[in-house]
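The values are calculated or read from the model by the stated rules, or taken from the named source; none is laboratory data. Since we're looking at a predicted model, the values are computed, not measured. Every residue, glycine as well, gets a Cβ built from its backbone with ideal geometry; the counts of neighbours run over all protein chains shown.
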Amino acid sequence: MTRNPKDAQTRPKKERRAPSYIAVEGPIGVGKTTLANKLAHSLGYSALLEPATENPFLDAYYREGRRHALPTQLFFLLHRARQVGEITTDDLLGPNIVADFLMEKDELFAKLTLTADEFELYHQISDKLQVNPPVPDLVIYLQANVDVLLTRIRHRGIRSELKIETGYLAALETAYTEFFHFYDKGPLLVVNANQIDFVNNEDHYNTLLARVFDMNGARQYFNPNPEFL
C-alpha cells in the first residue's frame, strides 16, 4: 500500500498537555515558590504552597537553633500532611496542581535538624498520621550552589531567613542532592538554577515552560547557558 506523503502533513498534531500534578523542590532561596506560582498562573492550575510564613516556631529556630527544631518540624509535618491529604485524585485528568513542596521533604529536614530522640518521636507521629500522598506527574528540582542561595536570601530580605547560617545551607543543599540522586517515584526534571532568572526574564521562564511540556522519560536535565536563551 502506497502512503500519500500529504497524509502526514494534514494529520492533526496531538495537543501537548502539561503534567496534571507538578511539584517544585529545592533548598531555601532557590526560587521554588516563585516558580510554582508562575507555573500555576501559566497553566491555569491551583497553587499548593507550604506555610513557611505561618510557622510560629520558624523565626526562633533560625535565631536560636536546635532547641526549637522539633516544634518547627512538627508544625510543618502536620500542615503538609493536611495539605496533601486534601489533594483529590478522582478526576479523570488529575488534580491540576503546582506545589512548592514534596511530602518527602519533611523527613529530609527532620534528619538534618533533629536529635536521635526527637527524630524517633517525629517518626512515631508521622507514622500515626498514615499520610499517603499522590505521586506528582512531574517533579522539578531546582539546584543552586550555596553562594547563590545566600545572595537570593539576602535579596528577598525576609528577616528570619537572614539568620540562616552558611553551614546549614550547605548541609541542606547536600541533603537535597543525595535525595534526588535516588529519586525514582516519577518523572524528574533537574534544573541548574544558578544563573537563570525565572522572575525577571521571560525568555528564561518560557524556555523552562517548554521543557515542562516536552518532558519525556524518567529523568531529564535542564542546564541552559543564559547567554543564549
Scan of region 147-169 for residues that are of a type in the set (A, V, I, L, M, F, W, C) and exposed (fewer than 15 other Cβ atoms within 10 Å of the Cβ), ordered by number: Leu162
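Without any contact (Cβ under 8 Å) to a residue 60 or more places away in the chain, part of a loop (DSSP other than H, G, I, E, B) and within 30 Å of Glu165 (Cβ to Cβ) - does that describe any residue in region 66-77?
Kept after step one, since they are without any contact (Cβ under 8 Å) to a residue 60 or more places away in the chain, are these residues of region 66-77: 66-77.
When the remaining residues are screened for being part of a loop (DSSP other than H, G, I, E, B), the result is none.
Among the residues of region 66-77, not one is without any contact (Cβ under 8 Å) to a residue 60 or more places away in the chain, part of a loop (DSSP other than H, G, I, E, B) and within 30 Å of Glu165 (Cβ to Cβ), which makes the answer no.
I want to confirm something. Restricting to region 84-106 and keeping residues that are touching a strand residue (DSSP E or B) at 6+ places or on another chain (Cβ under 7 Å) and at pLDDT below 90, which single residue is farthest from Pro51 (Cα to Cα)?
Looking only at region 84-106, we keep the residues that are touching a strand residue (DSSP E or B) at 6+ places or on another chain (Cβ under 7 Å), and these are 87, 94-102, 105.
Next, from what is left, pick out any that are at pLDDT below 90: 87, 94-95.
Working: Ile87: 16, Gly94: 24, Pro95: 20 Å.
The residue in question is Gly94.
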Residue check for Glu173: within 23 Å of Thr53 (Cβ to Cβ) and of a type in the set (Asp, Glu): yes
Criterion (in contact with an Asp or Glu (Cβ under 8 Å, 6 or more places away or on another chain) and part of a helix (DSSP H, G or I)) met by exactly one of Leu149, Leu142, Leu172: Leu149
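Yes/no matrix, rows are residues, columns are (1) surrounded by 14 or more Cβ atoms within 10 Å (Cβ to Cβ); (2) over 18 Å from the mean Cα position of the chain (by Cα); (3) small (Gly, Ala, Ser):
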site	(1), (2), (3)
Phe182	no, no, no
Pro187	yes, no, no
Ala193	yes, no, yes
Glu202	no, yes, no
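Sort through Lys128, Lys111, Lys38 and tell me the only one that's charged (D, E, K, R) and buried (at least 17 other Cβ atoms within 10 Å of the Cβ).
Values: Lys128 fails: buried (at least 17 other Cβ atoms within 10 Å of the Cβ); Lys111 fails: buried (at least 17 other Cβ atoms within 10 Å of the Cβ).
Only one candidate qualifies: Lys38.
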